[in-house]
Structures are given as structure tokens and as C-alpha cells.
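Q: If you scroll down you'll find the structure; I have some questions about it.
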Amino acid sequence: MKTDNPHIAILGAGESGVGSAILAQKQGFELWVSDNGKIKPDYKAELDQYNIPWEEGGHTFEKILTAQTIVKSPGIPDTADIVQQALNKGIEVISEIEFAGRYSNAFMIGITGSNGKTTTTMWTYQTLKIAGLNVGLGGNVGQSFARQVAMKNYDYYVIELSSFQLDGMKKFKCNIALLLNITPDHLDRYDNNFESYIAAKFRITQNQTENDYLILNADDQVINEHLHFNKGKAQKLEFSTLTRPTKGAWLDNDKIIFNSINSEFDMIYTKLALEGKHNATNGMAAGIAADILRISKDNIRESLMTFSGVEHRLEPFISVRGVEFINDSKATNINSTWYALESMRKPVIWIVGGIDKGNDYSELDELVRQKVKSIVCLGTDNQKIKSFFQGKVDHITEAFSMKDAVAMAFDMGKKGDCVLLSPACASFDLFDNYEDRGNQFKMSVRAL
């Protein structure tokens with residue numbers, strides 16, 4: 001199919017960019033893929049397989065700035081020179097989610113929040129799969145949304161949406177939007193302005209109509225104080241562990257009660273597959289979304305009771321001579337690490353560090369004093385962490401590789417302790433991403 005915009009440029013050749021390139025080619029665009037860094041060999045081979053032209057190690061501006069549309073990787077900030085030049089020329093700059101959404105008529109379930117979005121996305125996806133729906137999984141998990149739109153034909157999509165992806169969202173609409181929570185994160189990307197980050201999260205609502213649904217965390221103070229950022233007209237449902245919403249789900253002693261669209265039903269809280277009240281809220285949100293789709297209460301209960309969790313998120317790994325190792329590499333901000341530490345029931349040797357995104361470690365102060373016996377700082381610059389926690393735990397040391405960090409933590413531990421990798425920081429100083437960091441953790445533990 002030929003388009004009105006025959007020339008498109010793709011910035012970034014990771015999963016998002018390559019998926020967008022495949023979709024652009026299928027839609028008849030003339031295209032150019034450009035990555036300022038190195039492209040992974042598998043992605044190079046795939047671009048070559050589809051005869052898609054590409055470059056790495058820099059941008060050829062004249063090939064990019066003649067495009068009518070630029071699809072930008074979420075990792076590239078708007079402040080990048082090539083993006084600024086494009087915007088100054090009036091070139092449309094959009095996200096992969098926005099681009100792919102233009103070529104799909106599927107029902108869209110979008111999930112965002114500072115914490116819990118991957119767990120909730122996977123939980124929602126599993127629930128729809130159990131119910132037999134023809135559903136795809138995209139965004140920050142699985143294959144790129146664009147790749148699936150190009151190569152599959154799903155009736156539903158469950159999409160995890162980061163603030164960076166939402167920044168490039170213009171007309172994309174979520175039929176069901178889930179806003180789980182908002183805590184300070186990625187503030188380095190938003191000029192250290194929390195209000196800008198909050199506004200980015202609320203963009204998930206911007207194109208919703210009265211026929212759509214918005215699922216909100218009634219317990220989240222930031223969300224409640226910024227409902228004026230909700231630009232859509234969706235029907236609102238809420239979940240809570242503290243109050244009883246008019247429509248939605250809530251915790252009532254030993255039961256989770258659902259009363260959203262179908263008839264009211266409940267399940268025993270302790271039978272939830274994942275422990276902790278933060279996982280109760282994740283399960284409630286997923287259950288409400290499924291109930292809106294009129295999935296049976298038996299299927300919803302089955303999913304909530306059998307979900308096995310997400311790799312790299314509070315993932316119990318193995319014990320070595322009585323010391324338990326827990327992989328929480330996905331904890332890339334303070335709030336995620338707060339939940340991890342709060343859930344620990346053994347003395348903790350905590351591996352923390354990476355690229356600080358404007359972290360306020362004072363939020364962890366009380367939990368660290370209560371639960372952490374030793375800290376291993378893992379990163380290229382550990383000074384901020386060392387300075388803040390000095391004198392608050394028995395020992396602080398630092399490492400510059402995962403192998404050394406795991407070995408140091410093991411040496412500090414004794415039978416009955418746990419070693420928790422919960423970095424509270426981004427991974428890009430020493431690792432490709434949080435998955436690489438978590439995999440190196442597990443590999444290092446196996447080698448003990």
C-alpha cells in the first residue's frame with residue numbers, strides 16, 4: 001500500500017526501530033534506518049534480509065531531515081541534535097507506538113506507571129490468553145508492537161507504555177488505560193521537573209472517549225492531586241487496598257472484591273500468586289481490565305492464582321550454603337527498591353547502584369536501617385550512595401563488575417541471610433540493560 005508520506009526515517013535500530021522499519025516497508029514507505037551507536041548483529045542481519053538501508057555510528061542528517069516522518073526510539077531524548085533539527089524543520093517526530101497504532105484496528109489496553117507495569121502487563125496478557133482471546137503483548141515487553149502489527153493479526157494488544165513512549169504519542173488511543181502509580185523516576189530526562197514527568201504519564205488518557213475506560217490507583221496521592229492532567233473522557237474505575245471505590249476492586253480483610261462491569265465477585269487475598277500489597281494492586285488492575293472485557297470470573301481467578309511473576313523482578317534465584325540470592329534487577333528506581341526491601345524477611349546484603357536518575361535515597365533510610373546489614377555499591381560512580389548510607393549499615397564496599405559484587409556480597413553473608421540485587425538505578429554504565437544486569441547476576445551466583 002502506498003502512503004501519503006513516502007519518506008520515513010527510523011532513529012535507533014533496536015527492537016523498536018527494526019520493528020518499525022519492517023512495518024514501514026510493508027506500508028510502502030521509502031525509508032532510512034540510522035543508529036548513532038552500534039547495531040546488534042542480529043538486527044543488522046534482519047535489516048539486510050528485508051533489504052532495508054541502514055547506518056550505524058552516526059547520523060547522515062541530509063537523509064534523515066528530508067523525511068516527512070521520523071520514528072524515534074524511546075531511548076533518544078527530544079534534546080538530541082538530530083531531533084531538534086527535525087522539529088525545527090516541522091518534521092513529524094513520533095514513537096513506535098504511535099506509528100504502529102496507525103496500522104492496527106485492534107482493541108488497545110495500555111498500561112503505565114512508575115512501578116509494577118511489567119508485572120501488570122504480563123498478568124493482564126496471561127488473563128486474556130487463558131480466556132482464549134487472540135492477543136498480542138508489546139511495548140516494553142516482548143516483541144515490538146510495530147513488528148507484530150506488521151507480521152501478526154491480533155484482535156487485542158496489551159501494551160506496556162513508558163513515559164518516553166507516551167511522549168511521542170499523538171493520536172494513539174487506549175480503549176482501556178491503566179495508570180498504576182506515579183513516583184519520581186527518569187527526572188534527568190524531564191529537567192528534574194516532577195510535574196513534567198507526571199504530565200507524561202497522564203498522556204495515556206489524552207485521546208480516550210466516553211466509550212473507553214481508565215483504571216486508576218485510588219491510593220496514589222500524586223494521581224489524585226493531578227487528575228486535571230486527565231484530558232480524556234473515559235469511564236473511571238479504581239483499585240485500592242485502603243478504601244472501597246464505587247466501581248473497581250478493593251481489599252476487604254482477607255478478600256479481594258471486584259465490582260466493575262460484570263457482577264460482583266471475590267477471591268481470597270492469600271491465594272494471589274504473588275505476595276505483597278503492591279502485587280495485590282497489580283492483580284486488581286489486571287482483573288478489572290479483564291472484567292471490562294467480560295472475561296469470566298473463573299478465568300480471572302485462575303490467572304490471579306497461577307501467575308508466576310516477571311523475570312528480574314523480585315525473582316528468587318538459588319541459595320548457596322544457606323545464603324539466598326534474589327534478582328530484582330528490574331528495580332531501576334527508588335520506589336521499586338522500597339517495595340523490594342519492604343518485602344524482605346531476612347537480613348539483607350544489598351547490591352545497589354548504576355546510573356542515578358536524580359534519586360532521593362532518604363526514602364529508603366528507615367528500611368535500610370531496619371533490614372540491611374551490608375551494602376555493595378555496583379557502578380562506575382558510587383559516591384552518592386556511599387556518602388548517604390555511610391554509618392547506617394555495618395559495612396559498605398564497592399565493585400565495578402557483577403562478578404566482584406556477587407563475590408563480595410557472598411563473603412559478607414552467613415546462613416540465613418539474603419543477597420538482594422535491587423539497584424534503584426539504570427543499568428547503562430556497566431550493562432546493556434536491566435536484563436543483562438540480571439542475567440550476569442544469576443551467572444555470577446551459579447559460579448560461586
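What follows is calculated from the coordinates using simple rules that are stated; it is not laboratory data. Predicted model only: the values in this text are computed from it and were never measured. Ideal geometry is used to build each Cβ from the backbone, glycine not excepted, and the neighbour counts take in all protein chains shown.
Q: If you take the square roots of the eigenvalues of the alpha-carbon gyration tensor of region 18-168 and sort them as a ≥ b ≥ c, do you get rounded (a/c under 1.5), prolate (a/b over b/c) or oblate? Display every interim value, and only then the final one.
A: Values: a/c = 2.00, a/b = 1.60, b/c = 1.25.
Taking the square roots of the gyration eigenvalues as a ≥ b ≥ c, region 18-168 is prolate.
Q: Once amide H atoms are placed 1.01 Å from N in the peptide plane, what residues at a sequence separation of 5 or more from residue 248, or on another chain, have their amide H within under 5 Å of its amide H?
A: Correct list: 238, 259, 260.
Q: Check residue 255: other-chain or 5+ apart residues with amide H under 5 Å from its amide H, H built from backbone geometry?
A: 269
Q: Considering only DSSP states other than H, G, I, E and B, which trypsin sites (Lys or Arg not before Pro) in region 69-133 qualify as loop sites with at most 12 other Cβ atoms within 10 Å?
A: Numbers: sites: 72, 89, 102, 117, 129; in loops: 89, 102.
Hits after loop and neighbour filter: 89.
Q: I'd like the FRET efficiency for residue 255 and residue 308, computed as 1/(1 + (r/R0)^6) with the beta carbon distance as r and R0 of 30 Å, rounded to 0.05. Display every interim value, and only then the final one.
A: On the way: r = 23 Å, r/R0 = 0.76.
For R0 = 30 Å, the calculated efficiency reads 0.85.
Q: So between residue 195 and residue 383, what do we pick up on full extension, going 0.36 nm a residue minus the alpha carbon distance?
A: Numbers: separation 188, 0.36 × 188 = 67.68 nm, distance 2.79 nm.
Stretched fully, the residue 195-residue 383 segment lengthens by 64.9 nm.
Q: Quick one, can you get me the convex hull of the C-alpha atoms of region 193-235 expressed as volume per residue in Å³?
A: 60 Å³
Q: Let me ask something additional. Among rounded, prolate and oblate, which fits region 321-403 when a ≥ b ≥ c are the square roots of the eigenvalues of its C-alpha gyration tensor, a/c under 1.5 means rounded, and a/b larger than b/c means prolate? Could the numbers behind the result be given before it?
A: Numbers: a/c = 1.25, a/b = 1.15, b/c = 1.09.
Note, shape of region 321-403 comes out rounded.
Q: Based on Cβ point charges of +1 for Lys and Arg and -1 for Asp and Glu, what charge dipole magnitude is obtained for the chain about its Cα centre, in debye rounded to the nearest 20? Don't skip to the answer; put the middle values down first.
A: Details: 48 positive and 56 negative charges, 163 e Å.
Once rounded to the nearest 20, the dipole reads 780 debye.
Q: What is the sum of charges, Lys and Arg at +1 and Asp and Glu at -1, for the other residues whose Cβ falls under 12 Å from the Cβ of residue 173? Provide the component values of the computation, followed by the final result.
A: Details: positive: 102, 170, 171, 203, 231, 233; negative: 98, 212.
Result for the local shell: +4.
Q: Just report the Cα centroid separation between region 185-217 and region 301-322, whole Å.
A: The two parts, judged by their Cα centres, are 29 Å apart.
Q: Turning to a different aspect of this structure: Using a Förster distance of 22 angstrom, determine the FRET efficiency expected from the C-beta separation of residue 390 and residue 414, and round it to 0.05. List each step's numbers first, then the result.
A: On the way: r = 23 Å, r/R0 = 1.03.
Step by step, r from the Cβ atoms, then E = 0.45.
Q: Taking 0.36 nm per residue of sequence separation and subtracting the Cα-Cα distance, how much length would be gained by fully extending the chain between residue 277 and residue 211, in nm to one decimal?
A: Between residue 277 and residue 211, full extension yields 20.7 nm more.
Q: Let me ask another. With a ≥ b ≥ c the root eigenvalues of the C-alpha gyration tensor of region 349-448, is it rounded (a/c under 1.5), prolate (a/b larger than b/c) or oblate? Please report the intermediate quantities before stating the final value.
A: Values: a/c = 1.81, a/b = 1.09, b/c = 1.65.
Oblate shape, in that a/c is at least 1.5 and b/c is the bigger or equal ratio.
Q: Residues of region 90-128 with the amide nitrogen closer than 18 Å to a label point 7 Å from the Cα of residue 80, along Cα-to-Cβ, please.
A: 90-100
Q: Picking from 337, 440, 178, whose Cα lies most toward the positive end of the charge dipole for the chain (charges on Cβ: Lys, Arg +1; Asp, Glu -1)?
A: 178
Q: Let me ask something else about it. Go ahead and estimate [θ] at 222 nm for the chain from helices alone: -39,500 (n - 2.57) per DSSP H run with n ≥ 4, summed, over the residue count, rounded to 500. Walk me through the numbers on the way to the answer.
A: Numbers: 17 runs with 153 residues, N = 448.
Result for the chain: -9500 deg cm²/dmol, rounded to the nearest 500.
Q: When we measure straight from the Cα of residue 236, which lysines land under 28 angstrom away, once same-chain ones fewer than 8 places off are left out?
A: Partners found: 117, 129, 170, 171, 173, 201, 247, 255, 271, 277, 297.
Q: What distance in nm separates the two pseudo spin-label positions at residue 319 and residue 370, each 7 Å out from Cα along the beta-carbon direction?
A: For the pair residue 319/residue 370, the computed spacing is 2.4 nm.
Q: Further question: Would you please give the FRET efficiency between residue 401 and residue 294, computed as 1/(1 + (r/R0)^6) with r the Cβ-Cβ distance and R0 = 60 Å, to the nearest 0.05?
A: Working from the Cβ atoms, E equals 0.70.
Q: Tell me, which longest segment in the chain has none of the GluC sites (Glu not before Pro) that fall in DSSP loops with at most 15 further Cβ atoms within 10 Å?
A: Looking at the chain, 1-209 is the longest stretch - no exposed GluC sites (Glu not before Pro) with at most 15 other Cβ atoms within 10 Å.
Q: In whole Hz, with x marking every Gly and Pro, tabulate ³J(HN,Hα) for region 307-322 from phi via Karplus 6.51 cos²θ - 1.76 cosθ + 1.60, θ = phi - 60°.
A: Result, rounded to whole Hz: 4, 9, x, 10, 4, 6, 10, 6, 8, x, 9, 9, 10, 10, 6, x.
Q: To continue, here is another question. Taking the Cα centre of region 16-161 as origin, sum charge times position over the Cβ atoms of Lys and Arg (+1) and Asp and Glu (-1), and report the length of that vector in debye to the nearest 20. Walk me through the numbers before you get to the answer.
A: On the way: 12 positive and 15 negative charges, 79 e Å.
Here the size comes out at about 380 debye.
Q: Relative contact order for the chain: what is it in percent, counting Cα pairs under 8 Å that are at least 6 residues apart?
A: On the way: 964 pairs, mean separation 48.9, N = 448.
The value is 11 percent.
Q: Just to be sure I follow the definition: excluding the sites themselves, where is the longest run in the chain that has none of the chymotrypsin sites (Phe, Trp or Tyr not before Pro) in a DSSP loop with at most 16 other Cβ atoms within 10 Å? Mind dumping the intermediate values first?
A: Details: sites that count: 50, 103, 400, 428.
After excluding every exposed loop site, the longest remaining stretch is 104-399.
Q: Contact order normalised by length for region 379-448, with contacts defined as Cα pairs under 8 Å and 6 or more residues apart; what percent is it?
A: Numbers: 37 pairs, mean separation 24.8, N = 70.
Reported as a whole number, the value is 35 percent.
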